[in-house]
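The values are calculated or read from the model by the stated rules, or taken from the named source; none is laboratory data. All values derive from a computational prediction rather than experimental measurement. All Cβ positions, even for glycine, are placed from backbone atoms using ideal geometry, and neighbour counts span all protein chains on display.
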Protein chains: 2
Amino acid sequence: MQQAEPPDVFNAIAHPVRRQILDALRTEDQPVHVLAAPFAMSRPAISQHLKLLRDAGLVSEMRLGRERRYRLEPTRLRDVADWLAQYEQFWAERLRNLGAYLESTK
Amino acid sequence: MQQAEPPDVFNAIAHPVRRQILDALRTEDQPVHVLAAPFAMSRPAISQHLKLLRDAGLVSEMRLGRERRYRLEPTRLRDVADWLAQYEQFWAERLRNLGAYLESTK
DNA sequence: ATTATACGTAAGGTATTTCTTACTTGTCAA
DNA sequence: TTGACAAGTAAGAAATACCTTACGTATAAT
């Protein structure tokens, strides 16, 4: 029974290591050993996180000699941005309320 | 050894049930039995999701008779929004690139 | 007072996640 | 060619996540 896993972006960015990997790719494409360097964990562990990020569509991979260069693919982050956008009106409301409160206690 | 768990908002919103709960609270404060109703899972399971959301600071609880009314506390979603904001420039860049590409192939 | 409702917490089972080490493949360097 | 480097995959251990049922407590209704 093999249901094609939905690329769950929310789940992909839930892990701090994976967020840090994405952050590292913000500057520039990077090979795995560079991405793995900052972490106190084995390189295969990073490879596995990268696979998950790949499956989520958040990064792409290109072979370059014996390296594999990873590139940030940020478009899927829209899912998160869109979801968040529904709450922005709430923030605005909160700020108005706070403003009114501060006004009233002045 | 008891390290105070960091309220991990990213982790809190990773689970679809928890996102749906937050969505339900966007309209209005709700008691647990109302929040639980749409889900094909036991009420205690929902209680546990609510505890996680509470610990993450995403909802607050107030007793009201025998109910507990939950309220959305969206401010902590800023963590996510701030993180995402770092990628927005990337989207803009992508759009520019796409624009240039479309222009070049016209 | 008794019973029903709303909810949390406890305990436990199972699935999933996230590591590890061992191994394989492909590429570059001597 | 032989050896070193880059990186993926496999298998398994350990931790965590997420559900269930059972139970306890507080409030409301009869």
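Summary of values
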| item | result |
| --- | --- |
| Identity of the residue in the range A:31-42, surrounded by 14 or more Cβ atoms within 10 Å (Cβ to Cβ) and free of Cβ contacts under 8 Å to residues at least 12 places away in the same chain, that ends up farthest from A:R63 (Cα to Cα) | A:A36 |
| Conditions (1) at pLDDT 95 or above; (2) under 27 Å from A:R18 (Cβ atoms); (3) loosely packed, with under 11 Cβ neighbours inside 10 Å; number of the one not met by B:A56 | (3) |
| Odd one out for A:R71 among (1) crowded, with 16+ Cβ neighbours inside 10 Å; (2) at pLDDT 95 or above | (1) |
| Single residue of A:L64, A:L25 found to be more than 30 Å from B:E28 (Cα to Cα) and either within 11 Å of DNA strand C (Cβ to nearest atom) or in contact (Cβ under 8 Å) with a residue 60 or more places away in the chain (or both) | A:L64 |
| Helices (runs of 4 or more DSSP H) within the range A:1-66 that include 1 or more residues away from chain B (no Cβ under 14 Å) | A:32-36, A:43-55 |
| A:Q86 surrounded by fewer than 17 Cβ atoms within 10 Å (Cβ to Cβ), at pLDDT below 95 and not in a helix (DSSP H, G or I) | no |
| Evaluation of B:R18 against (1) basic (K, R); (2) surrounded by 16 or more Cβ atoms within 10 Å (Cβ to Cβ); (3) in contact with an Asp or Glu (Cβ under 7 Å, 6 or more places away or on another chain) (one fails), failing number | (3) |
